[in-house]
Each structure stands twice: as C-alpha cells, then as structure tokens.
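The values are calculated or read from the model by the stated rules, or taken from the named source; none is laboratory data. Values in this document were obtained by computation on a predicted structure and should not be read as measured data. Side chains are part of the model used for accessible areas, which takes the heavy atoms of the whole protein and leaves out ligands, DNA and RNA. Shrake-Rupley method; radii C 1.70, N 1.55, O 1.52, S 1.80 Å.
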Amino acid sequence: MADHLSLVGADADVAVEQMYAAHWRQLVRLSALLVHDQQAAEDVVQDAFVAMHGRWSRLRDPEKALAYLRQAVVNRSRSALRHRAVVERHVRTSTTHETTVEGPSLGGARRDAVREALGRLTERQREVLVLRYYLDWSEAQIADAIGVSRGAVKPHASRDSAALRELLGDWWEDPS
C-alpha cells in the first residue's frame, strides 16, 4: 500500500477517511508491537485519527499527514505504556511474574523469549527494533516516527540489536 495519498485541498472528513482506509491496519500493527495489546493499540490509533481530524485545518502540509499520524501513534503508544506502568505499580498483586511457554513449540518458546527480551529493553530501543525489523520501515520513516535524525537510526538499530542479542543469549543463534 502506498504511503502517499493526494490530500491537498481535501477537507478533514475526506482526508481522514482516505487515510483511515489506507493506513489503519499498518498503524494498529505498529502500536500493537509497541504496547503488546491489540485493543490498546486500536484505541491509540483511533485517538490519533480523531486528533488529526480535529487539527486538520491547522496542518501546514497535508502531504505529511501520514508522518504526523505515525509520530502520533508512537507518542500515544509511549503514553499508554507509561500509564500502564503506573497502574501496574499501584495494582500489583504479585511481586513475581513467570512467563510460561504453552506446548512444546520451539518457535513459540523463541517468540516468547524475544517478546520478553524486548520488554526488558528501553522504550526507545524497543521502538527502533520493532519499526526496523518487524515492520521493515526505512530509516526515514523510523526517524519521522520517533523524532530523531535519519542518521541516528542506523547506530540506534545496531546498538539496540546488540542489547537484544545480549539479553537473548543462546536464543539469538540462528537455528538454520
């Protein structure tokens, strides 16, 4: 699906409807990878679209609306994670949490290990790795979404991959 829709001159209703149809799934997937919760991700994306609709008349360059939405989704996902952390601190019923692996699937165990290791990285590390390797975004798209320069994305990805490798230990090795 193309990143570019012709939105110049479109009113808010038409523009948001077109962008929603073209990019909803991609943006929900982005948020879900960051917040690890499908329903929360859908809420985050919905809120980003509502905010963009309300600010459409003040948007300087309608051609950058998708970049605005991506950044809004990343920022709102960060806020959702911060809110969740505060709630968990106050509602915590157990001091230990064990991750269990259902069934004998090595793929499931590996996926669980990666998910758990991603959760132990910093928010920025997790964002860069998810955008780069799970969503296969370009350096420019990542830079726009997380608010860094394009040149900073590659070193971030390299350092963040090294941190993930360290956390995964034996799981990191390629099974092939």
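For the stretch 23-80, the solvent-accessible area works out to 50 Å² per residue, with a probe of 1.4 Å and every protein chain left in place.
Gain on full extension, evaluated as 0.36 nm per residue between VAL14 and ARG110 minus their Cα-Cα distance, stands at 30.2 nm.
With the cut-off at 1.5 for a/c, could you classify the stretch 17-63 from its C-alpha gyration tensor as rounded, prolate or oblate?
Verdict is prolate for the stretch 17-63.
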